[in-house]
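Working notes, structure below.
The values are calculated or read from the model by the stated rules, or taken from the named source; none is laboratory data. Because the structure is predicted, anything quoted here is derived from the model rather than measured. Glycine gets a Cβ as well: all are built from the backbone with ideal geometry, and neighbour counts include every protein chain shown.
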Number of protein chains: 2
Amino acid sequence: MSTDDGKRTPSRRGLLRGTAAGAAVAAVGAGGSARAASGTGQDRAAAGSRQVRVAILLYDGFTALDAVGPYEMLCRVPDTRVTMVAREAGPVRTDTGELSLLAERAMRDVHRAEVLLVPGGGQRGTEAMMRDTEAHDWIRRIHRRSVWTTSVCTGSLIIGAAGLLRGLPATTYWASRPYLKDVGAVYTPGRFVETGKIITAAGVSAGMDMGLHLVSRLTDEKVARAMQLAVEYDPDPPYDTGSPEKADAATQALALKLLADAAR
Amino acid sequence: MSTDDGKRTPSRRGLLRGTAAGAAVAAVGAGGSARAASGTGQDRAAAGSRQVRVAILLYDGFTALDAVGPYEMLCRVPDTRVTMVAREAGPVRTDTGELSLLAERAMRDVHRAEVLLVPGGGQRGTEAMMRDTEAHDWIRRIHRRSVWTTSVCTGSLIIGAAGLLRGLPATTYWASRPYLKDVGAVYTPGRFVETGKIITAAGVSAGMDMGLHLVSRLTDEKVARAMQLAVEYDPDPPYDTGSPEKADAATQALALKLLADAAR
């Protein structure tokens, strides 16, 4: 596959090979275009809408990767629009306070979304959201007509506090598993757990695995596989201590201390 | 390990088990505290500073996960401060235009950082930064005194355009590998490639693997392993097409089409 268009300056040649090339489009055409593929998804029909609206709920003290991992998987799905939503439009600070993401819209102005995603947060942020009845009202309202309602990390405790998980299998951040029962959910192992139209993901980075799964649900496996390549998600961490089953007690304790010390 | 403090309301019990618990601190104390561990890192000595300053350079059209993946790994490293830097302080839009991160400081106000990280971006954003001589001056200035200079995805083409990679092994986004030679670098396979004090990561999500490696370089393996658990980075994508070596031609072409169609 050649993507050169004959101009030899780097800035003209298409640094992401193929973006300016007929070759890519031709090959896609042969295999079924992204647009055509996405049109076959049953969920798209269920949504009854030309555009899939994804609302990601930000709140003071959320964990950045919980939101950005799935965002990166979903934001290039054809005919999909991801919007960050918060109590008020504007900057929303993460759990460590070192980063702010901009919420584009306020909750009160968002009445409908085909996909709702609630990220997890630090102790303080999660607890505040578990008590926030106004946020719960909004979550329930969006959930009523959503195609998918999803959470990452302790986000499951938040949608659980809104009453969405009663009697249902779910997962959450590894250290928070015991608290799922407090919202009536049944802890179930897995990087993500799907039950009806609800998908809960395990901690932080698990949102990427769930996001990829969600891409296939919204379109098909072909698009999901291409999306995995688009974000070069071929994980190869230098260690293998990413779950409590793989980490000893000292590592678990140190992980919790790192979290607590970095919380604002 | 019990973390209950005797109060039975969920909001008081510590949703992230152990954050309020003596048990965690005691266990960490037995195994060497995070602070003590971080003090042993040779790089901390090299930095000659109490606090490790991490500067992540944002620019119009950057890719969110390139910045947020490593941020999430680094933001809880003891005595480390991550700062988003851009031409001007304020919101900076990503490649799809659907998300903005807030840059806390302007380049001209940041004169020193122990760690510099340059994320990749879409075609337009990367090309603009490859031509931005003012940004190159800043990158070179920070690099001169940095302990680590790093990039994710097409960020290597940007630091390469600033002259940092001449004759050196490096990696980049899979589809951009042919363009490394244009900045004098030698494409080298790997999730990340370390050469001297420069580390370049492969595409988008590879920044998480590099970020974890960087944690161990800044502290030690014990902290890095705990950080992997802290973000529950136990990847298990539903597919296995995250590199061009694992994806057929049609998947590669569709990935490039998805990227091109979503670019603003």
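Just a few scattered comments:
- Of all residues making up segment B:74-131, the number that are charged (D, E, K, R) and under 23 Å from residue A:80 (Cα atoms): 4
- Pick from segment B:239-264, criterion small (Gly, Ala, Ser) and not in a loop (DSSP other than H, G, I, E, B), ranking: farthest from the other protein chains (Cβ to nearest Cβ): B:249
- Against the conditions (1) under 18 Å from the mean Cα position of the chain (by Cα); (2) of a type in the set (Gly, Ala, Ser); (3) within 14 Å of chain A (Cβ to nearest Cβ), residue B:184 satisfies every one except (1).
- Residue within segment A:146-160 that is of a type outside the set (Asp, Glu), out of contact with any strand residue (DSSP E or B) (no Cβ under 6 Å at 6 or more places or on another chain) and surrounded by fewer than 18 Cβ atoms within 10 Å (Cβ to Cβ) present: no
- Entirely in segment A:145-226, the strands (runs of 3 or more DSSP E) that have 2 or more residues that are over 23 Å from residue A:82 (Cα atoms) and either touching a Lys or Arg at 6+ places or on another chain (Cβ under 8 Å) or in contact (Cβ under 8 Å) with a residue 24 or more places away in the chain (or both): none
- Condition check for residue A:262: more than 26 Å from residue B:251 (Cα to Cα) and modelled with pLDDT under 95: yes
- Within segment A:31-114, helices (runs of 4 or more DSSP H) holding 2 or more residues that are modelled with pLDDT under 95 and surrounded by fewer than 23 Cβ atoms within 10 Å (Cβ to Cβ): A:34-39, A:42-47
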